[in-house]
1. Any idea how many residues of the range 196-221 are touching a residue at least 60 places away in the same chain (Cβ under 8 Å), farther than 30 Å from Ser78 by Cα and surrounded by 19 or more Cβ atoms within 10 Å (Cβ to Cβ)?
2. If Ser224 satisfies every condition in (1) over 26 Å from Leu346 (Cβ atoms); (2) crowded, with 16+ Cβ neighbours inside 10 Å; (3) polar (S, T, N, Q) but one, which is the exception?
3. Please go through the range 157-194 and pick out each residue that is over 15 Å from the mean Cα position of the chain (by Cα), buried (at least 18 other Cβ atoms within 10 Å of the Cβ) and in a loop (DSSP other than H, G, I, E, B).
4. Grab the helices (runs of 4 or more DSSP H) fully contained in the range 240-327, keeping just those with 2 or more residues being out of contact with any strand residue (DSSP E or B) (no Cβ under 7 Å at 6 or more places or on another chain) and under 20 Å from Met20 (Cα atoms).
5. Taking only the range 226-247 into account, find how many residues are within 16 Å of Gln282 (Cα to Cα) and out of contact with any Leu (no Cβ under 6 Å at 6 or more places or on another chain).
6. Could you check the range 22-32 and list, in sequence order, the residues that are touching an Asp or Glu at 6+ places or on another chain (Cβ under 8 Å), surrounded by fewer than 20 Cβ atoms within 10 Å (Cβ to Cβ) and within 17 Å of Thr244 (Cβ to Cβ)?
7. So for the range 131-152 (the condition being at pLDDT below 90 and either in contact with an Asp or Glu (Cβ under 8 Å, 6 or more places away or on another chain) or part of a strand (DSSP E or B) (or both)), does at least one residue qualify?
8. When you scan the range 328-352, how many residues do you find that are within 18 Å of Leu37 (Cα to Cα), part of a strand (DSSP E or B) and touching a helix residue (DSSP H, G or I) at 6+ places or on another chain (Cβ under 9 Å)?
Amino acid sequence: MSGLRVIAEAPSNIALVKYMGKKDASRNIPENPSLSLTLSSLKSIVELILRDGSQGVSWIPQLPSLPGGCPGESPQLSSSGIQKVIKHVERVKLRLPVLFNEWKIPLHQQRFEKCQIILKTANTFPQASGIASSASSFAALTLAVGAAFSSSRKVFEEVWSKEPELRRAFAQISREGSGSSCRSFEGPWVEWNEDRAQLVSDSALDQLAHFVVLIKTDPKKVSSSEAHLRIKTSPLWTGRVQRTQDRVMRLKSAIQRGRIDEVSDIAWDEAWEMHSLFHTSQKPFTYWEPGSIHGLKYFSEPSESWPSAPIVTLDAGPNLHVLVLKKDQEYWRAQLKELFPQTSILEDSPGKGASLQFWEEQ
C-alpha cells in the first residue's frame with residue numbers, strides 16, 4: 001500500500017454574537033445561536049501522513065512540512081489535548097463511509113482499514129490567547145482526515161469546491177471536537193444554530209480589515225469549557241437565549257443592508273454582555289487585563305474624527321478584536337499603535353474557510 005501526505009488549513013473565526021453555554025455538552029450543541037466572521041491568515045495548519053503498517057494515531061510536536069516553509073509555531077499539547085485530537089481522528093473516520101457514499105466520493109478501503117496516522121500542526125497566532133485556536137485546528141484536522149481517506153484527490157476537491165452542503169456535513173462532525181470549529185468551514189459570515197452552521201449570504205458591507213490587539217498571550221486560567229459552565233450561574237443568564245436570537249436576526253439584517261454602524265452597536269452590546277456573565281457568575285472571573293480596560297474605555301467614547309464606526313469585540317480572553325472598513329485601515333493602524341505603543345497588533349482580513357493545500361502520494 002502506498003502512503004499519502006496531505007496538508008489542510010483552516011482559519012480562526014471571531015464571533016460578533018457569541019456561543020456561550022451548551023445545551024448538549026457531549027455533542028457541543030449551543031444554548032444560543034451565534035454569528036461570526038471567518039478570518040484568513042490567522043489559521044491552523046495540519047499535516048497528516050499515512051504510512052503502511054500497524055494502526056494508530058500519533059501527534060508530533062513539529063511544524064508541518066509545507067513547500068517553502070510553514071508559518072507560525074507548533075502548539076504545546078498536553079497529554080489530554082493529544083488524546084482529544086486522537087479521539088477526533090477516530091470520530092471523523094467513523095463517519096466517513098456514510099458521508100463519502102452520500103457524496104459519491106471514493107473511499108480508499110485499504111488505507112481506511114489499516115494504516116498509521118502521523119500528525120503535525122501549527123498555528124499562525126499565539127495558543128490559548130482568546131483567538132479560538134481549537135476552532136481553526138479542529139476544522140483543519142477534520143478536513144485533513146477526510147481528504148486522506150479519499151482515493152481520488154480530483155473527485156474530493158471537485159465536490160468540496162462545488163457543494164457547500166459537504167462543507168456543512170464536515171462542519172457538523174468537526175463541531176463535536178470543538179464547537180466553534182463548525183464556523184471555520186465557510187466565510188466570510190457564518191451563522192451557527194443548534195447543530196448546523198451555514199453561510200450568511202448577500203452581505204452589502206464594504207471590505208473589512210481586522211486587527212487583534214494582543215493584550216496578553218498567556219494560557220487562560222479559566223478555560224472556555226469551564227466558562228460555558230459557570231456563566232449559567234449568573235443572574236444575567238435569564239433571557240440570554242432570547243437576547244442572542246434577537247441580536248443574530250438584527251445582525252444579519254445589518255450585514256445584508258451594509259450598515260456597519262448597526263453591526264458595531266450589536267457587537268459592542270454582545271461583547272459587554274458575555275463578559276458581564278463571567279463577572280457575575282457565582283464564582284466570578286475575568287479575562288480582562290489593564291490593557292483590555294484601556295481599550296474598552298477608548299472605544300466607549302466615540303470621536304467625531306473617526307472615519308467610520310469600528311466593530312469592537314473580545315472573545316473569551318483579554319485581546320481586543322477591531323474590525324474596520326478596509327479603506328480606513330491605515331487610519332486605524334495608526335490609532336491602535338498610538339493607543340497601544342508597547343503591544344503587538346496582528347492584522348488580517350475576512351476569509352472563505354477551510355481548504356486543502358497539499359496532497360502527495362508517497
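1. Let us first name the residues in the range 196-221 that are touching a residue at least 60 places away in the same chain (Cβ under 8 Å), namely 200, 206-221.
Pick out the ones that are also farther than 30 Å from Ser78 by Cα and you get 200, 206-210.
From the residues that got through so far, the ones that are surrounded by 19 or more Cβ atoms within 10 Å (Cβ to Cβ) too are 200, 208-210.
Residues meeting the conditions: 4.
2. (1)
3. The answer is none; no residue qualifies.
4. On the way: elements: 240-257, 260-279, 290-299.
Result: 240-257, 260-279.
5. At the first step, the residues of the range 226-247 found to be within 16 Å of Gln282 (Cα to Cα) are 226-238.
Okay, now just the ones that are also out of contact with any Leu (no Cβ under 6 Å at 6 or more places or on another chain), so 226-230, 232-233, 235, 237-238.
Adding up the residues that qualify gives 10.
6. Lys22, Lys23, Ile29
7. If we filter the range 131-152 for residues that are at pLDDT below 90, which is where we start, we get 131-134.
Narrowing further to those that are either in contact with an Asp or Glu (Cβ under 8 Å, 6 or more places away or on another chain) or part of a strand (DSSP E or B) (or both): 131-132.
Checked against the condition, which is being at pLDDT below 90 and either in contact with an Asp or Glu (Cβ under 8 Å, 6 or more places away or on another chain) or part of a strand (DSSP E or B) (or both), the range 131-152 yields at least one hit.
8. Pass one, the range 328-352, residues within 18 Å of Leu37 (Cα to Cα): 329, 346-352.
Of the ones still in play, those that are also part of a strand (DSSP E or B) are 346-348.
Cutting the leftovers down to touching a helix residue (DSSP H, G or I) at 6+ places or on another chain (Cβ under 9 Å) gives us 347.
Within the range 328-352, residues that are within 18 Å of Leu37 (Cα to Cα), part of a strand (DSSP E or B) and touching a helix residue (DSSP H, G or I) at 6+ places or on another chain (Cβ under 9 Å) number 1.
The values are calculated or read from the model by the stated rules, or taken from the named source; none is laboratory data. These numbers were taken from a predicted model, which means no experiment stands behind them. A quick note on method: Cβ atoms are made from the backbone with ideal geometry, for glycine too, and the neighbour counts reach across all protein chains shown.
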